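Contents: one structure, followed by commentary.
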Amino acid sequence: IRCPKNPVASVPVGLPLVPLSTRLLRRAWGPGAVPSLGFSPPAVRTSVTSRYETVYRGTTAQEEAALDVATAREADAALHPLQDASLGSLTVYVVPENSSLLPQGISVYVGKHRSALVRAGGGLAALRTRLRQLTQVMSFTASSITAALSDRMPDSQLGPDARRHLKSSLGYEITFSLLNPDPKSHTVDWDIEDAVNRYVQPVLDKLSLLANFSVDSQILYYAVLGVTPRFDKESSSFLLSAHSLPHVINPVEARLGSSAASLYPVLNFLLYVPERSHSPLYIQDKDGAPVSTNAFHSPRWGGIMIYNVEAPASPQASLPLHVDVDMVRVMEVFLAQLRLLFGLSREELPPEFLLESPGNEGLADWELDRLLWAHTVENIATVSTTLTSLAQLLDKIGNIVIKDDVASEVYRAVAAAQSAVAELATGHLHSAFQASKEAVTSSERAFFDPSLLHLLYFPDDQKFAIYIPLFLPMAVPILLSLAKIVREARQRKKEPTKMD
């Protein structure tokens with residue numbers, strides 16, 4: 001089978017600045033050369049665009065051996081060591097139409113690394129459609145740009161969940177809190193340390209490339225939700241409606257105290273054990289149906305899960321009841337909420353798509369790439385906003401003093417931002433993200449420098465308002481004395497000079 005040797009085509013997709021290096025591999029299943037596939041640019045309302053560098057080639061002997069397995073999951077694991085490990089890259093393996101790797105009715109399999117399997121068949125038009133849909137799922141898209149720049153775009157261009165994810169930051173603090181409002185009735189034990197090590201830490205290890213994370217936990221007694229639930233006679237339970245959930249956050253947050261001295265955004269995950277008088281307690285959605293997880297999350301804040309305790313079999317059971325929390329069920333909810341806070345919610349996919357679960361790692365490699373893209377673009381926009389605000393401040397205060405270290409930070413921020421843009425244009429995602437972080441750090445150091453505090457410098461009108469009340473009492477007698485001296489001098493000039 002003859003295939004072109006590394007043909008390269010720059011395929012515009014309608015997004016430049018955020019390029020994706022894509023490798024399309026074709027298994028040798030029939031005669032003919034690898035076709036040239038193009039993508040039509042989608043309608044995007046932002047000035048940020050991207051291009052895809054596409055390389056077509058045939059599979060190697062090692063890849064052929066890795067693809068000669070029973071299932072797509074085994075093929076994804078076997079192909080992972082053979083793929084390009086650079087951030088932002090994507091390897092697509094086109095398999096024959098009659099291949100048994102993909103289940104019946106599945107045309108595209110998305111692995112948990114940086115690869116996908118696409119079934120051939122239906123002609124070039126069908127294959128082109130599948131590849132376009134695949135890039136929309138695994139790469140940086142127009143919706144990702146809109147979400148990353150949501151704070152700088154009009155509401156008319158944003159979807160309902162655009163401002164749901166956390167803003168880009170150099171670090172995050174995660175706090176797990178157990179709320180026991182009725183310790184006289186319940187003694188609650190939760191092995192939070194083991195749960196964090198088993199379920200949360202693998203996710204944070206993968207996200208460590210994105211930011212620094214710190215995790216702590218606490219137990220709060222006599223901490224109530226602040227909202228009185230409604231009793232339902234039919235189910236003999238208490239209900240929290242969807243419209244009452246926003247009123248739960250403020251009373252609880254006042255007891256947490258985690259964000260008072262924090263330099264970074266705080267993610268709060270609360271496990272609430274209802275008091276005995278309000279148990280069992282369930283959450284209803286907007287349609288009045290019970291929420292399966294019995295939990296809800298607040299955008300850019302965290303989430304709350306209500307953990308009901310089974311009533312004792314005997315009414316004469318001694319109190320307090322001992323409760324061992326099922327941490328597997330709790331962490332499943334908290335990890336799902338953590339993904340929502342970072343904007344990793346799964347979009348609606350075509351029925352012929354199959355996505356592999358990321359497993360204990362919590363997120364796939366290509367999802368991490370999407371996060372890096374989003375945070376890089378957001379960091380560049382943040383640097384631009386910060387330096388623009390600093391320039392406007394300097395224009396308003398004409399007598400402000402700019403120290404050399406402040407000027408150096410400004411120059412360093414501009415150079416780092418330009419480097420981030422240049423690295424994005426060449427597809428170097430990791431170096432672009434690191435440069436954007438340096439740009440954000442330098443711009444914030446310059447903007448928040450104590451020497452640039454605007455209260456240290458006064459406009460001319462404020463100077464007059466401050467100093468006139470001080471000098472006016474002293475100036476009045478001086479001015480009167482000067483006026484008297486002037487009058488006496490004039491009188492002396494008018495009197496004739498006596499001559500002997």
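The values are calculated or read from the model by the stated rules, or taken from the named source; none is laboratory data. Bear in mind the structure is a predicted one, so any value in this text is a computation, not a measurement. Here the Cβ positions follow ideal geometry from the backbone for every residue, glycine too, while neighbour counts run over all protein chains shown. Side chains are part of the model used for accessible areas, which takes the heavy atoms of the whole protein and leaves out ligands, DNA and RNA. Shrake-Rupley method; radii C 1.70, N 1.55, O 1.52, S 1.80 Å.
Considering the conditions (1) open to solvent by less than 10 Å² (accessible area, probe 1.4 Å); (2) without any contact (Cβ under 8 Å) to a residue 24 or more places away in the chain, Ala125 is excluded by exactly one of them, (1). Within region 270-283, the presence of at least one residue that is under 20 Å from Phe342 (Cβ atoms) and assigned to a strand (DSSP E or B) is confirmed. With respect to (1) at negative phi; (2) free of Cβ contacts under 8 Å to residues at least 24 places away in the same chain, the lone exception for Asn294 is condition (1). Can you tell me which residue is least open to solvent (accessible area, probe 1.4 Å) among those in region 60-81 that are out of contact with any strand residue (DSSP E or B) (no Cβ under 9 Å at 6 or more places or on another chain) and among the hydrophobic types (A, V, I, L, M, F, W, C)? Restricting to residues being out of contact with any strand residue (DSSP E or B) (no Cβ under 9 Å at 6 or more places or on another chain) and among the hydrophobic types (A, V, I, L, M, F, W, C), the top hit is Ala66. Scanning region 178-227 for residues that are part of a helix (DSSP H, G or I), within 23 Å of the chain's Cα centre (by Cα) and among the acidic types (Asp, Glu) gives a single hit, Asp205. Within region 392-410, residues that are hydrophobic (A, V, I, L, M, F, W, C) and in a helix (DSSP H, G or I) sit with their Cβ atoms under 7 Å from residues that are modelled with pLDDT under 85 and open to solvent by less than 80 Å² (accessible area, probe 1.4 Å), at 6+ positions apart or across chains, in these pairs: Leu394/Ile400; Val406/Ser451; Val406/Leu452.
Going through (1) under 14 Å from the mean Cα position of the chain (by Cα); (2) not in a loop (DSSP other than H, G, I, E, B) one by one, Gly343 falls short only on (2). Restricting attention to region 345-352, does a residue exist that is hydrophobic (A, V, I, L, M, F, W, C) and crowded, with 18+ Cβ neighbours inside 10 Å? No; the residues of region 345-352 include none that is hydrophobic (A, V, I, L, M, F, W, C) and crowded, with 18+ Cβ neighbours inside 10 Å.
Of the residues making up region 413-433, one or more are touching a residue at least 24 places away in the same chain (Cβ under 8 Å), on the phi > 0 side of the Ramachandran plot and either crowded, with 18+ Cβ neighbours inside 10 Å or polar (S, T, N, Q) (or both). No other residue among Phe296, Phe334, Phe342 is open to solvent by less than 50 Å² (accessible area, probe 1.4 Å), aromatic (Phe, Trp, Tyr) and within 30 Å of Ile106 (Cβ to Cβ) apart from Phe342. Considering region 228-252, and only residues there that are open to solvent by 70 Å² or more (accessible area, probe 1.4 Å) and assigned to a helix (DSSP H, G or I), the residue that is nearest to Asn212 (Cα to Cα) turns out to be Asn250.
Here Ser139 does not fit the description of being surrounded by 21 or more Cβ atoms within 10 Å (Cβ to Cβ), in contact with an Asp or Glu (Cβ under 6 Å, 6 or more places away or on another chain) and closer than 21 Å to Glu348 by Cβ. Within region 46-142, considering only helices (runs of 4 or more DSSP H) that don't extend past its boundaries, which have at least 1 residues that are in contact with a helix residue (DSSP H, G or I) (Cβ under 8 Å, 6 or more places away or on another chain), more than 16 Å from Ala364 (Cα to Cα) and polar (S, T, N, Q)? So the answer is 61-67. Entry remark, region 353-386: residues being at pLDDT 90 or above and open to solvent by 50 Å² or more (accessible area, probe 1.4 Å) number 2 in total.
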